[in-house]
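Undergrad: First, the structure itself, so that you have it in front of you.
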Amino acid sequence: MRGEVDSDPLRWATRAGLAANGLIHLLVAWLAVRVAFGFGSRDRADQAGALQAIAAEPFGRLLLWLVVAGFAAVVAWRIREALWGFRYVRDEGDRVKKRLFSAVQAVVFAALASLGSRAAAGSSTGDGGQGITAVALRIPAGRVLVVAVGVGVVVTGVVMGVRGVKKAFTEDMDLGPASARTRAVAERAGQIGAVAKGVAFTIIGVLVVVAAVEYQPQRAEGLDAALKTLAIQPFGPVLLVVVAAGLASFGLFCFFDARYHRV
C-alpha cells in the first residue's frame with residue numbers, strides 16, 4: 001500500500017535511521033551533561049556536536065555514512081507518508097495533520113542527513129542559524145517575521161509537550177506484539193522525552209524572539225544556545241541535567257519507535 005515502505009531493505013534502513021536518531025539524542029544528552037558540569041562549554045551541545053563526536057571516533061566517518069543512509073531512508077519514507085500515508089486514520093482532518101507532520105519530519109531528517117554527510121566528509125557542521133536570522137532582521141518587517149518564527153517555535157514546543165503527556169505518539173506505533181512491561185517503558189520514555197524536547201524548543205523560540213527584539217542574531221542559534229542559556233540560569237546546571245535526562249529518555253524511546261513504528 002502506498003505510504004508504507006514496500007521493500008524489506010528500505011524498511012530496515014528506515015528503522016535503522018530511526019534508531020540512529022536515538023543515538024544522536026543520547027549523545028546530545030551526554031554533551032548537555034558535560035556543559036552542566038563545566039566540561040564542555042566549547043563543545044556544541046546539539047545534533048551537530050553529536051555528529052562531530054561520532055566522526056572523531058575510530059571508523060566514525062564510516063559509521064556516519066551509514067547513519068546518513070538511514071536518515072535518507074527515513075526521508076523517503078516520510079515523503080511517502082506525507083503524500084499517501086495514514087489511510088488507516090478515519091478522520092480526514094487527523095489524516096491531514098499526520099501527513100503535514102510527516103512532511104515536517106522529512107525536512108528534519110533531510111537536515112540531519114546533510115549535517116551527517118558534512119561531518120563524515122570532514123566539513124563544518126555549523127547550522128547557520130545566526131546568519132539566517134541576521135539576514136531576516138535586515139529586511140523590511142524582518143523583526144516581525146523573526147518574532148513570528150520564534151512564537152511559532154514556542155507554540156511547537158508547547159504542543160510537543162502536551163502531545164507527549166497525552167501519549168499521542170503511540171497512535172502510529174504497533175505495540176500489540178510488545179509485552180506489557182515493554183509497552184509501559186516505551187510510553188513513559190516517550191512521554192518524558194517529548195516533554196524535554198518541548199522545553200528545549202520553547203527555550204529556542206524565546207531566544208529567537210529575544211534576538212529580534214534586541215537585534216542580537218547570535219542569540220538565535222538553536223539547541224546548543226538554548227541548553228547553554230539554561231545552564232547559566234539560577235539552578236541552571238540542575239535544570240540542564242534534568243533536560244538532558246529527558247533528551248536521553250527520548251533517545252531511548254527512539255529505539256522502541258524504530259522497532260514498533262508502523263513502517
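The values are calculated or read from the model by the stated rules, or taken from the named source; none is laboratory data. Since the model is a prediction, treat every value here as computed from it, not as a measurement. Ideal geometry is used to build each Cβ from the backbone, glycine not excepted, and the neighbour counts take in all protein chains shown.
Undergrad: What's the number of the condition I132 fails, among (1) at pLDDT 90 or above; (2) among the β-branched types (V, I, T); (3) surrounded by fewer than 16 Cβ atoms within 10 Å (Cβ to Cβ); (4) more than 22 Å from V68 (Cα to Cα)?
TA: All conditions pass for I132, except number (1).
Undergrad: Please enumerate the residues belonging to region 28-58 that are in a helix (DSSP H, G or I) and among the polar types (S, T, N, Q). Show your work before the answer.
TA: Taking region 28-58 and keeping what is in a helix (DSSP H, G or I), we get 28-36, 47-55.
Passing the criteria: Q47, Q52.
Undergrad: Scan region 59-91 residue by residue and report those that are outside any helix (DSSP H, G or I) and within 23 Å of H25 (Cβ to Cβ).
TA: Selection gives F59 alone.
Undergrad: Y88 versus (1) buried (at least 19 other Cβ atoms within 10 Å of the Cβ); (2) over 14 Å from the mean Cα position of the chain (by Cα): which is the lone unmet condition?
TA: Only one criterion in (1) buried (at least 19 other Cβ atoms within 10 Å of the Cβ); (2) over 14 Å from the mean Cα position of the chain (by Cα) is unmet by Y88, namely (1).
Undergrad: In region 25-53, which residues are within 12 Å of L115 (Cα to Cα) and touching a residue at least 60 places away in the same chain (Cβ under 8 Å)?
TA: D46, Q47, A48, G49, L51, Q52, listed by residue number.
Undergrad: Among the helices (runs of 4 or more DSSP H) contained in region 165-263, which hold 2 or more residues that are at pLDDT 90 or above, closer than 23 Å to V67 by Cβ and within 17 Å of the chain's Cα centre (by Cα)?
TA: 180-214, 236-260
Undergrad: When both residues are 6+ apart or on different chains and their Cβ atoms are under 9 Å apart, which pairs have a first residue that lies in region 54-66 and is among the β-branched types (V, I, T), and a second that is not in a helix (DSSP H, G or I)?
TA: Listed pairs, sorted by first residue: none to list.
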